[in-house]
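Q: The structure is given below, and queries will be raised subsequently.
The values are calculated or read from the model by the stated rules, or taken from the named source; none is laboratory data. As the structure is a computational prediction, the values presented were derived from the model and not from experiment. Here Cβ is always computed from backbone atoms with ideal geometry, including for glycine, and neighbour counts include all displayed protein chains. Keep in mind that these areas ignore ligands, DNA and RNA; they rest on the heavy atoms of the full protein, side chains included. Shrake-Rupley method; radii C 1.70, N 1.55, O 1.52, S 1.80 Å.
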Amino acid sequence: MQKIEDAAPGNLVSLETEKGKFLAQGFYSAQSKIAFRLISRSRETIDRNFWKERILKAFHYRQKVVNQTNAYRLIYGEADGIPSLIADRYADHLVLQTLAQGTEKLLPLITEILLDLFHPSSLILRNDLGVRELEGLPPEKKIVFGEWPERVQIFEGEIRYWVDLWQGQKTGAYLDQRENRIWAARFLQGKVLDAFCYQGLFGLHAARNAPQILGVDSSPEVIEQARENALLNGLTNIEFRKENVFDFLKKEVDSGQRYDGIILDPPAFAKSKEDVAAATRGYKELNLRAIRLLNLDGILITSSCSYNLSESKFLEILKECAKDAGAILRLIERRGQSADHPVLLSFPESYYLKCLFLQKIR
Ligand code: SAH
């Protein structure tokens, strides 16, 4: 145990009041604006056994809340008491991200415990993301254990899809939307647009009920994968198109197209507080066009994964869009991220995904 003045980056330190009263133990970060990340409010010993217990707790919680899939978030950082560690499970493969100096230092021990507990066939480190810069950590991608699988087949409810753990976005898939994707399908009928479709998952679920689905994404690789996923599920009523959604929606409005269901799942527009104004304009433009494109009784499934844009602000934006479109929207469901991404009340940043199910009733 060390005090901050003599601690090295990423060390375990104790936090005390100015008078020397013990407050908590946590990771010290020498570079980030977040100098201390809480691990425990007691003086308990933080050793291999301590971390093993936290990992086991995380796993037992997932055993209760995760169903209908073999891909889920096993460890969600602070919400599982392991600050800045992400571990996602895809079938029998594990993908890790260490997002702070303390977790980075702990990686060999965490890896050893994960291999011991779960015997994965591979363990991949996907540290190729920008937020690590804030901690003075370089981007890195490597196979820590086992052999890199070219692609992994995942099931989610009634559908199956391929994941590329090495090149895919995030750790390979957007696991946080899983429950919303499965649940949304029951509301979608007729002609459905899956905008910002990535691997096509919202649309694939919907295609089991609705007769005509179109998925749109601007990334060519993604479109190729989404088409393969349609084949994998034997679905012929779903098409994918490579296009910028902003331009696509404008064209559709201009040419008088109509849809019975629209899914909007854009990337985070407000990555920082400074982006909120521009992000608001982006969400407004997308949602306004989507509402215009909806038939009466049509369903809008609209998401924002920007932590910096609150749920109430997002609802406010939707209210304004409805007004501008001369429509009346009914809120059917107000949802968040899947239960394997639990929210810590004392750490509001852990609640980032908002997903609203709305119906255009007039
Ligand atoms: N709905 C998906 C996740 C979407 S992630 C799921 O449930 O799995 C956001 C997607 O938007 C990414 O695939 C990215 O390639 C795409 N994207 C980003 N900007 C875009 C734009 N302007 N037009 C179309 N697609 C875009």
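Q: Hand me the list of strands (runs of 3 or more DSSP E) wholly inside the stretch 61-107 holding 1 or more residues that are under 20 Å from E147 (Cβ atoms) and open to solvent by 30 Å² or more (accessible area, probe 1.4 Å).
A: 85-90
Q: Can you tell me how many residues within the stretch 274-331 are in a helix (DSSP H, G or I) and without any contact (Cβ under 8 Å) to a residue 12 or more places away in the chain? First the steps, then the outcome.
A: Just the residues of the stretch 274-331 that are in a helix (DSSP H, G or I), to begin with: 274-293, 311-325.
Subsequent filtering for residues that are without any contact (Cβ under 8 Å) to a residue 12 or more places away in the chain retains 274, 277-278, 281, 312, 316, 319, 323.
Total meeting the criteria: 8.
Q: Does S29 qualify as being within 28 Å of H341 (Cβ to Cβ) and open to solvent by less than 40 Å² (accessible area, probe 1.4 Å)?
A: Numbers: within 28 Å of H341 (Cβ to Cβ): yes; open to solvent by less than 40 Å² (accessible area, probe 1.4 Å): yes.
Yes; evaluated as a whole, the condition is true for this residue.
Q: Another one. Name the residues in the stretch 139-152 that are touching a strand residue (DSSP E or B) at 6+ places or on another chain (Cβ under 8 Å) and exposed (fewer than 15 other Cβ atoms within 10 Å of the Cβ), would you?
A: If the condition is that a residue be touching a strand residue (DSSP E or B) at 6+ places or on another chain (Cβ under 8 Å) and exposed (fewer than 15 other Cβ atoms within 10 Å of the Cβ), then P139, E140, K141, K142, I143, E147, W148 are the ones that fit.
Q: Here's another thing I want to ask about it. Starting from the stretch 337-362, take each residue that is within 20 Å of V131 (Cα to Cα) and list its partners that are assigned to a loop (DSSP other than H, G, I, E, B) and of a type in the set (V, I, T), counting only C-beta distances under 7 angstrom and pairs at least six apart or across chains.
A: S350/V343; Y351/V343
Q: Ok, one more. Please state which of the following conditions L309 fails to meet, knowing it meets all the rest: (1) of a type in the set (A, V, I, L, M); (2) within 18 Å of D194 (Cα to Cα); (3) within 16 Å of the ligand (Cβ to nearest atom).
A: Just one mismatch for L309, condition (2).
Q: Which residue out of G168, G203 is within 12 Å of the ligand (Cβ to nearest atom), modelled with pLDDT of 95 or more and surrounded by 24 or more Cβ atoms within 10 Å (Cβ to Cβ)? Full working, then the answer.
A: Working: G168 fails: surrounded by 24 or more Cβ atoms within 10 Å (Cβ to Cβ).
Exactly one residue qualifies, and that residue is G203.
Q: May I pose another question? Can you find, within the stretch 206-256, the residue that is most open to solvent (accessible area, probe 1.4 Å) among those that are part of a helix (DSSP H, G or I) and more than 13 Å from the ligand (Cβ to nearest atom)?
A: Start the filter on the stretch 206-256 by keeping residues that are part of a helix (DSSP H, G or I), which leaves 206, 220-232, 245-254.
Still in the running and more than 13 Å from the ligand (Cβ to nearest atom): 227-228, 230-232, 252-254.
Numbers: R227: 107, E228: 71, A230: 6, L231: 142, L232: 36, E252: 24, V253: 49, D254: 107 Å².
The extreme case among them is L231.
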